[in-house]
Every structure is written in structure tokens, then in C-alpha cells.
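Student: Following this message is one structure expressed as C-alpha cells.
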Amino acid sequence: MIENHDALINAPFGAVAISSAGGQLAIELLVAPACSHAQVTKASTDALVVQACEQVLNYLRHPALQQSTASFDLPLTQRGTAFQQRVWQAIAAIPLGQVRTYGELAREIGSGPRAVANACGANNLPLLVPCHRVVAQHGLGGFMQGKQGGLLIKQWLLKHEGVRLPGVVRE
């Protein structure tokens, strides 16, 4: 699967795979052997992929709350239903270092928590549309559609951003 991506970045939680097709970016968080520092191991010359790699590396290398430069300025276009687009816009508006529950987002857009969770699972731009910032009312919630190791990645991302969920994200 890794070979199908335009770029691969080793990360402390595994890897970040980046692809671009027709000007549309896709990012996949992969469970892989962790690397102590972020580095590109497979690169592309596609301008959008290069820009995405630079911004993902910046995010991974710097605790987001201490570095105002650890933000993303990339196109957020992805295909989805009108409902999914609304959910993704609401998720993209969650500030670094904060979380929202599935229920809070559902109330905000006039829907139900399970529908919000399903839209999170259809998100092809994790990190840019930070679905890891959406949690359950009393815990971490799901991530990466239940893929093995996905919750460990979610925990790492939240901890990296300075989020502390008692009993969930451990020091």
C-alpha cells in the first residue's frame, strides 16, 4: 500500500502517506514502526505534495501549541456528500489544542453523533481536517475507522497538540 503514495513521512507514531491526483490531496496515517524523528523517506516532485510534506513535517517536529507556524495552508477539497462537507468544515474549525465531542459537533450542524462519526471516518485529509480532535463524551472515541493502532495515533496527535483527556491520553 505504501508504494501507491507520492510521498511517505516517517513519524513518531508510524508514518504519513501523501498522494495527489488531479490536484486533489489525500493523506493517510499509517501504523508502522515508529521513528524517533519525522523525516521524508519517499519524496515526490508534485508541487502540492512537496508543500504538504513541508507542512506535515513542520507539524510533526514542533509541538503545535508552542509553534504558531505549525498550521496547514493547503487546499481542503475532498469529495463527499453535502453533509460530509458540513461536518468536515466544522472539524476544520476546531482550534489546535482543543477538542469537540461528536455530540457537540452534531448539535452545531443539526445532526446526530453517529452521522458525525461516519463523516469523520470518510475524511481523506486527516491532520488538515483534524478528525482526531473529535472525541466521545467520556473518552477518546474512535479513529481511522477502527484500524489497529488508530487510537494510539489519535492519542499521540492529541498529546502532541497539548490536549489532556483525563484517563485517556497518558503522559
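Student: Taking amide hydrogens as modeled 1.01 Å from N in the peptide plane, which residues meet the under 5 Å criterion relative to Lys42, leaving out close sequence neighbours?
Tutor: Those qualifying (amide H under 5 Å, at least 5 residues apart or on another chain) are Leu8.
Student: Moving to a separate point now. Multiply the residue gap between Ser71 and Gln24 by 0.36 nm, knock off their C-alpha separation, and tell me the result in nm, one decimal place.
Tutor: 15.0 nm
Student: In addition: Just to be sure I understand the model, the point goes 7 Å from the Cα along the line to the Cβ. What's the resulting Ala32 to Ala136 distance in nm?
Tutor: Output for this residue pair reads 3.0 nm.
Student: Report the full-extension gain for the segment Asn124 to Asn4: residue separation times 0.36 nm, less the Cα-Cα distance, to one decimal in nm.
Tutor: Between Asn124 and Asn4, full extension yields an extra 41.7 nm.
Student: Which net charge results for the neighbourhood of Gln78, defined as the other residues with beta-carbon distances under 14 angstrom from its beta-carbon, given Lys and Arg at +1 and Asp and Glu at -1?
Tutor: +1
None of the figures in this text is laboratory data; all of them are computed from the coordinates on show. Please read these numbers as outputs of a predicted model, since none were measured by experiment. Don't worry about glycine lacking a Cβ; one is built from the backbone with ideal geometry, like all the others, and counts go over all protein chains shown.
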